[in-house]
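Worksheet: one structure, shown below.
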Amino acid sequence: MIEIKGLTKRFGNKPVVEDVSIKIQSGAITSFIGPNGAGKSTLLSMVSRLLDADTGEVLLDKNNVKQWKSDEFAKRVSILKQANFLNVRLTIRELVSFGRYPYSKGRLTAEDEQFVDQAIEYMNLKDMEDKFLDELSGGQKQRAFIAMVIAQDTEFILLDEPLNNLDMKHSVQIMKILRKLVDDLGKTVVIVLHDINFASVYSDYIVALKNGKVVKDGTTNEIINSDALREIYDMNIPVQEQNGCRICVYFNSHS
Amino acid sequence: MRLWMLIIAAIILSFISLFIGAIDIKPSHLLDWDSREMKIFLISRVPRLIAIILAGAGMSIAGLIMQSLSRNKFVSPTTAGTLDAAKLGILISMLFFTNVTYTQQVIFSFAFALIGTLVFMQILDRIKFKDVIFVPLIGIMYGNILSSITTFFAYEADLLQNISAWLMGSFTLIIAGRYELLYLSVPAVILAYLYANKFTVAGMGEDFAKNLGLSYKFVLNIGLILVAIIATTVVLTVGVIPFLGLIVPNIVSLYMGDNLRKTIPHTAVLGIVFLLICDIIGRVIVYPFEIPVNVTVAVIGSAIFLIMLFRGRAYAKK
């Protein structure tokens, strides 16, 4: 389990994340939502050690993440930031193989190759595994990066806006895969999401941030209702039920 | 392109390189150990070939490491101030010590090349607008600033002739006893190969590297030290060879991608082939005189670079 205790981060004098304390439930999808500048990505970066917190701590298995050895940590927690700008010419297979880096330092064993094969199969990339990343579409690229994270075989998978620049079809595809990772493989997924409806339909827990603070934190049902949403977004958002999904109809809302 | 094709090309060109020059040496001469031809062969021709091989492989790999670590296809020792800083280091060592030893020159030049490249990486870290063309332009300006400092102090101290000699990359003066420093680049190149996977991971950015548990700063520093070692040994023995570290890794990247473990052998051998061709051309066109290799490299290299700029902008941007 990951536990966040009193985490604060300032850029200059401005607190971007302020006194955040939450627990991330294992074996579930937790979404971070909130308006722009709420501190969602900064929080995710601190959980994954990409950024140091000013005060507070992040505990993985009751130990502060700063005390973990970096390659051991990389076997437990993986993070994927927006990677569409990456300009490295690697084939899909090469990229996915680097997911095994924490285990093999680049010299793949037979077991590593097996993980790589499985990850590529899982993401349906087998027929294009020798293509270079810069020959792929946005959706294929995103799938390749997720395949790498699957090969990394960590219990916790953190994703910073994985749906950015993806069209509807690919967004749904990616979210379904994340759901499968949790339901079939028992992973714990934490995602920063912009689209409230994707958060509503696919996540188990939602953490809502605003101005660096947690405004709401609970199961999806507790967050996706008009009262809670008004508090988070300062908007009047009707919620409608459709095929068992709660959909927020915010497009023509009056504030 | 296959590696064995490149190796065969390198071997054939090496033979040609050994047997052209002002004095006609035929393989049959080499049967007689005491002949004049044999002496010339051992004192001049063989050292020259070794120097070309080490400089060609070294500069290309130095460029490859820099492109990977800076995440920019057009950054190389010539477009990041590394070579200019190395020159400044040699000059400072000459100003500091009245009877400067070779070792002092090497140490100063290495330290300056390292610091100079580090400063460039810091600049790169700070600028927001990381355009693929803009970044090397800044590097070239930065190099020119260092270079003008060097020229100013050299002029004041009456050392202008010396520095213009380092400016000119040439294998003409390479003879036994004057090139051995280049052997220092051999362990640097081997280390680069051992670190290939780490450089590739670091080349995907700090966040990416940290996610995989790689200590990014450490790898970055190792890379810059290797680049500084190679650049120093080449500048002090051969002089500045422009474009080599720029175009060779880019050509290899085009057909093989950016997985350094795979591309380092190709980059090294293609660098050797390219430099051998340039040197042979320089020795043949005004025979029995020579054109320094930096001229032929610059002419051929800038043409290839221009083609890459116009055709390859789209590719480099990706």
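The values are calculated or read from the model by the stated rules, or taken from the named source; none is laboratory data. This one's a predicted model, so the numbers in the text were calculated from it and none came from an experiment. Cβ sites come from the backbone with ideal geometry, for glycine too, and all protein chains shown count toward neighbours.
Could you run through segment B:245-295 and say how many residues are away from chain A (no Cβ under 14 Å) and of a type in the set (Lys, Arg)?
Count: 1.
Could you count how many residues in segment B:264-294 are without any contact (Cβ under 8 Å) to a residue 60 or more places away in the chain and either surrounded by 17 or more Cβ atoms within 10 Å (Cβ to Cβ) or of a type in the set (Gly, Ala, Ser) (or both)?
Residues in segment B:264-294 being without any contact (Cβ under 8 Å) to a residue 60 or more places away in the chain and either surrounded by 17 or more Cβ atoms within 10 Å (Cβ to Cβ) or of a type in the set (Gly, Ala, Ser) (or both): 3 in total.
Pairs please, first residue from segment A:148-164 and free of Cβ contacts under 8 Å to residues at least 40 places away in the same chain, second anywhere and in a helix (DSSP H, G or I) and of a type in the set (A, V, I, L, M), Cβ atoms under 7 Å, 6+ apart in sequence or on different chains.
A:LEU163/A:ILE174
Any idea which of A:GLY27, A:GLY37 is assigned to a loop (DSSP other than H, G, I, E, B), over 30 Å from A:ASP127 (Cβ atoms) and modelled with pLDDT of 90 or more?
Details: A:GLY37 fails: modelled with pLDDT of 90 or more.
Of A:GLY27, A:GLY37, the one residue that is assigned to a loop (DSSP other than H, G, I, E, B), over 30 Å from A:ASP127 (Cβ atoms) and modelled with pLDDT of 90 or more is A:GLY27.
Filter segment A:182-235 down to the residues that are without any contact (Cβ under 8 Å) to a residue 60 or more places away in the chain, charged (D, E, K, R) and under 19 Å from A:ALA28 (Cα atoms) and list them by number.
A:ASP183, A:ASP184, A:ASP195, A:LYS216, A:GLU222
Would you call A:THR30 crowded, with 21+ Cβ neighbours inside 10 Å, more than 8 Å from chain B (Cβ to nearest Cβ), hydroxyl-bearing (Ser, Thr, Tyr) and out of contact with any Leu (no Cβ under 9 Å at 6 or more places or on another chain)?
yes
Regarding segment A:128-139, can at least one residue be identified that is away from chain B (no Cβ under 11 Å), in contact (Cβ under 8 Å) with a residue 40 or more places away in the chain, surrounded by fewer than 18 Cβ atoms within 10 Å (Cβ to Cβ) and on the phi < 0 side of the Ramachandran plot?
Yes, some residue in segment A:128-139 is away from chain B (no Cβ under 11 Å), in contact (Cβ under 8 Å) with a residue 40 or more places away in the chain, surrounded by fewer than 18 Cβ atoms within 10 Å (Cβ to Cβ) and on the phi < 0 side of the Ramachandran plot.
Of the residues that sit in segment A:98-133 and are aromatic (Phe, Trp, Tyr) and in a helix (DSSP H, G or I), which one is nearest to B:MET204 (Cα to Cα)?
Checking each candidate, the answer is A:PHE98.
So, in segment A:35-60, exactly how many residues are under 27 Å from A:ALA228 (Cα atoms) and within 14 Å of chain B (Cβ to nearest Cβ)?
Residues that pass the stated criteria total 6.
Of the conditions (1) surrounded by 15 or more Cβ atoms within 10 Å (Cβ to Cβ); (2) more than 20 Å from the chain's Cα centre (by Cα); (3) at pLDDT below 95, A:SER97 fails just one. Which one is it?
Here A:SER97 meets the rest and fails (3).
Could you tell me which numbered condition A:SER70 fails, if it satisfies all but one of (1) within 11 Å of another protein chain (Cβ to nearest Cβ); (2) under 23 Å from A:MET175 (Cβ atoms)?
(2)
Go through segment B:93-110 residue by residue and tally those that are surrounded by 12 or more Cβ atoms within 10 Å (Cβ to Cβ) and free of Cβ contacts under 8 Å to residues at least 24 places away in the same chain.
6
Can you name the number of the only condition in (1) assigned to a helix (DSSP H, G or I); (2) at pLDDT 90 or above that B:SER28 fails?
Against the list (1) assigned to a helix (DSSP H, G or I); (2) at pLDDT 90 or above, B:SER28 comes up short only on (2).
Looking at B:ALA165, is it part of a helix (DSSP H, G or I), small (Gly, Ala, Ser) and touching a residue at least 24 places away in the same chain (Cβ under 8 Å)?
Details: part of a helix (DSSP H, G or I): yes; small (Gly, Ala, Ser): yes; touching a residue at least 24 places away in the same chain (Cβ under 8 Å): yes.
Yes: the conditions hold for B:ALA165.
Could you tell me whether any residue of segment A:54-70 is assigned to a helix (DSSP H, G or I) and either at pLDDT 95 or above or within 30 Å of B:VAL132 (Cβ to Cβ) (or both)?
No, that holds for no residue.
When both residues are 6+ apart or on different chains and their Cβ atoms are under 7 Å apart, which pairs have a first residue that lies in segment B:48-76 and is within 25 Å of B:ALA176 (Cβ to Cβ), and a second that is of a type in the set (D, E, K, R) and in a helix (DSSP H, G or I)?
From segment B:48-76, the pairs are B:ILE52/B:ASP279.
Can A:ILE196 be described as within 17 Å of the chain's Cα centre (by Cα), within 28 Å of A:GLN242 (Cα to Cα) and of a type in the set (A, V, I, L, M, F, W, C)? Before you say what the answer is, go through the steps one by one.
Working: within 17 Å of the chain's Cα centre (by Cα): yes; within 28 Å of A:GLN242 (Cα to Cα): yes; of a type in the set (A, V, I, L, M, F, W, C): yes.
So A:ILE196 passes the test.
Based on what the data block shows, is A:SER200 of a type outside the set (D, E, K, R) and assigned to a helix (DSSP H, G or I)?
Yes.
Filter segment B:222-244 for residues that are in contact with a Lys or Arg (Cβ under 9 Å, 6 or more places away or on another chain) and over 14 Å from B:LEU118 (Cβ atoms) and give the result.
Across segment B:222-244, the qualifying residues are B:VAL235, B:THR237, B:VAL240.
Give the residue, chosen from B:ILE25, B:ILE16, that is of a type in the set (Val, Ile, Thr), surrounded by fewer than 24 Cβ atoms within 10 Å (Cβ to Cβ) and without any contact (Cβ under 8 Å) to a residue 40 or more places away in the chain.
B:ILE25
Evaluate segment B:111-118: report whether one residue or more is over 30 Å from B:ILE40 (Cα atoms), within 14 Å of chain A (Cβ to nearest Cβ) and among the hydrophobic types (A, V, I, L, M, F, W, C).
Within segment B:111-118 (the criterion being over 30 Å from B:ILE40 (Cα atoms), within 14 Å of chain A (Cβ to nearest Cβ) and among the hydrophobic types (A, V, I, L, M, F, W, C)), the answer is no, since none of the residues qualifies.
Would it be correct to say that B:GLY223 is touching a Leu at 6+ places or on another chain (Cβ under 7 Å), away from every other protein chain (no Cβ under 14 Å), closer than 23 Å to B:THR263 by Cβ and surrounded by 19 or more Cβ atoms within 10 Å (Cβ to Cβ)?
yes
How about segment A:73-89: which of its residues are at the interface with another protein chain (Cβ under 7 Å from one of its Cβ atoms) and touching a strand residue (DSSP E or B) at 6+ places or on another chain (Cβ under 7 Å)?
Within segment A:73-89, A:SER78, A:ILE79, A:LYS81, A:ARG89 qualify.
Mind listing whichever residues of segment B:198-218 are outside any loop (DSSP other than H, G, I, E, B), in contact (Cβ under 8 Å) with a residue 40 or more places away in the chain and either more than 8 Å from chain A (Cβ to nearest Cβ) or surrounded by fewer than 22 Cβ atoms within 10 Å (Cβ to Cβ) (or both)?
Result: B:PHE199, B:ALA202.
State the number of residues belonging to segment A:17-27 that are surrounded by fewer than 20 Cβ atoms within 10 Å (Cβ to Cβ) and β-branched (Val, Ile, Thr).
Summing the residues that are surrounded by fewer than 20 Cβ atoms within 10 Å (Cβ to Cβ) and β-branched (Val, Ile, Thr) in segment A:17-27 gives 1.
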